[in-house]
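Written out below as structure tokens is the structure these notes cover.
The values are calculated or read from the model by the stated rules, or taken from the named source; none is laboratory data. Since the model is a prediction, treat every value here as computed from it, not as a measurement. Virtual Cβ from ideal backbone geometry, glycine too; neighbours counted across all protein chains shown. Just so you know, the surface numbers come from the protein's heavy atoms only, side chains and all, with ligands and any DNA or RNA stripped out. Shrake-Rupley method; radii C 1.70, N 1.55, O 1.52, S 1.80 Å.
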Amino acid sequence: MLQLCALAMVMGLWGGSAMALPDGGDAAVAYRVPAQAIGCATATAARHLSDGRVGTGCHPAGAAVRWVLAQRDGDVIALRRGDRGRHDRAVYFRMHDVTRDTASGSISALWHGLRNRATAMQAALLQGPGGGWAAHRHALHWRAIFAAGAAITVGWPVLRLIVRWWGRRRARAICAALVMQHADTLRLRRRQLLGRNSYGVVKPEKWHRERDEFIATIMRPALRQAGRAAQWPRIAPWVTARIEQVARGTPQRPDIVGPGMDPLEYEQYCAAELRDDGWQADTTVGSGDQGADIIATRRGLRMVVQCKLYSRTVGNDAVQQISAARAHYDAAVAVVVSNAAYTRAARQLARTNGVWLLHHDELRGLAHRLKQGVTPAVTA
């Protein structure tokens with residue numbers, strides 16, 4: 001819109017003038033002239049070329065980047081070299097020896113037309129009443145207005161490109177910071193959710209849903225709050241690729257849990273993780289444990305843990321069992337820990353019953369989270 005206004009302003013300043021271009025207003029149109037075409041100094045000599053007579057002042061046109069119209073005279077056309085200005089002498093050609101350059105577009109025509117109008121207006125002001133310094137000042141005034149309009153016309157698209165580039169850069173920076181802030185969780189969730197079917201083929205659907213939920217609940221609200229929501233369609237592929245890159249990164253500690261580990265070994269592994277976190281943790285007897293695989297205490301706080309080494313998602317049963325074990329052992333904290341993900345129903349029941357649902361990598365640092373007052377509903 002601003003660009004159109006600038007064009008209207010410039011055209012209005014010069015369009016109201018009754019002055020016409022000396023060449024009939026077509027000086028901005030370019031023509032092509034073959035190098036071997038004969039051009040003459042006069043129209044009469046150019047007409048004699050049709051009779052095969054090459055008179056004095058006629059010679060091949062030679063190479064020229066651009067020819068512009070000076071005037072038309074029947075079957076003869078007078079052209080000037082466009083790279084030498086309006087004071088170059090016109091050369092006459094036969095009409096059928098030249099062709100109009102279709103590559104000269106409307107923008108070029110507008111530019112040359114405005115420039116010619118500005119030159120004509122300057123000449124009229126200098127020659128009009130009250131010449132001298134006043135006329136010169138008026139000429140400089142009009143030239144400044146023309147230059148300002150032309151600068152807006154040309155510079156506005158460039159300014160828009162710069163603003164868009166800066167907006168995308170800021171939006172990408174916001175998303176990159178959020179990805180790094182949640183990098184550990186993204187790595188953990190990808191390891192939980194990127195499962196394989198019975199034939200060993202990777203099934204990424206659950207991880208992709210988790211990734212899309214992270215974008216919808218964390219990233220896009222942050223962009224809206226920063227006033228950068230409009231940039232999302234342009235940066236979405238980059239953000240998705242960035243999430244995948246970070247989620248595939250190496251975790252802080254290697255995961256030694258694998259298909260070859262049996263459930264008892266997994267319980268011992270989880271108990272060792274808790275001991276490294278400052279807990280006094282002991283595994284229970286295999287039978288009669290009332291749903292608790294580990295009983296841990298720290299500074300008078302008792303916690304019961306159930307360990308699930310699964311190749312599928314963990315369901316409601318684990319939440320119900322650990323809730324009963326918490327009451328049986330008079331514990332304050334109930335935790336289910338697994339290498340796998342949890343079903344939606346299990347997460348809902350865990351929120352209702354105040355049960356922690358964790359990956360085994362989250363056992364270290366659990367004491368700090370409890371000290372900070374983080375609730376199970378935040379992580380479940």
Fill in: Net +/- balance of residues flanking TYR92 in space, Cβ distance below 9 Å, scoring K and R +1, D and E -1
+1
Practice prompt. Based on the mean of other Cβ atoms within 10 Å per residue, sort peptides 239-246, 51-58, 361-368 so the most packed one is first.
Written response: 361-368, 239-246, 51-58
Discussion item. I need the Kirkwood Rh of segment 263-378: take the reciprocal of the average 1/r across all distinct C-alpha pairs and report it in angstrom.
Written reply: 13.8 Å
Practice prompt. For segment 155-174 and segment 44-58, write down the distance between their C-alpha centroids in whole Å.
Written response: 60 Å
Worksheet, complete the sentence: With every protein chain kept in place and a 1.4 Å probe, segment 140-254 has an accessible area per residue in Å² of 64 Å²
Worksheet item: Counting pairs of alpha carbon atoms under 8 Å apart in space and at least six apart in sequence, what relative contact order in percent does segment 263-378 give?
Response: 23 percent
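Give me the dipole magnitude in Debye, nearest 20, for segment 263-378 about the Cα centre, with unit charges on the beta carbon: positive for Lys and Arg, negative for Asp and Glu.
500 debye
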Worksheet item: So what is the relative contact order for segment 27-102, in percent, with contacts set as C-alpha pairs under 8 Å and at least six apart?
Response: 39 percent
Worksheet item: Distance in nm between label sites at MET95 and VAL54, each 7 Å beyond Cα in the beta-carbon direction?
Response: 2.5 nm
Practice prompt. Would you work out if segment 27-102 is rounded, prolate or oblate? Take a ≥ b ≥ c from the square roots of the eigenvalues of the alpha-carbon gyration tensor; rounded if a/c is under 1.5, else prolate when a/b is larger than b/c, oblate otherwise.
Written response: prolate
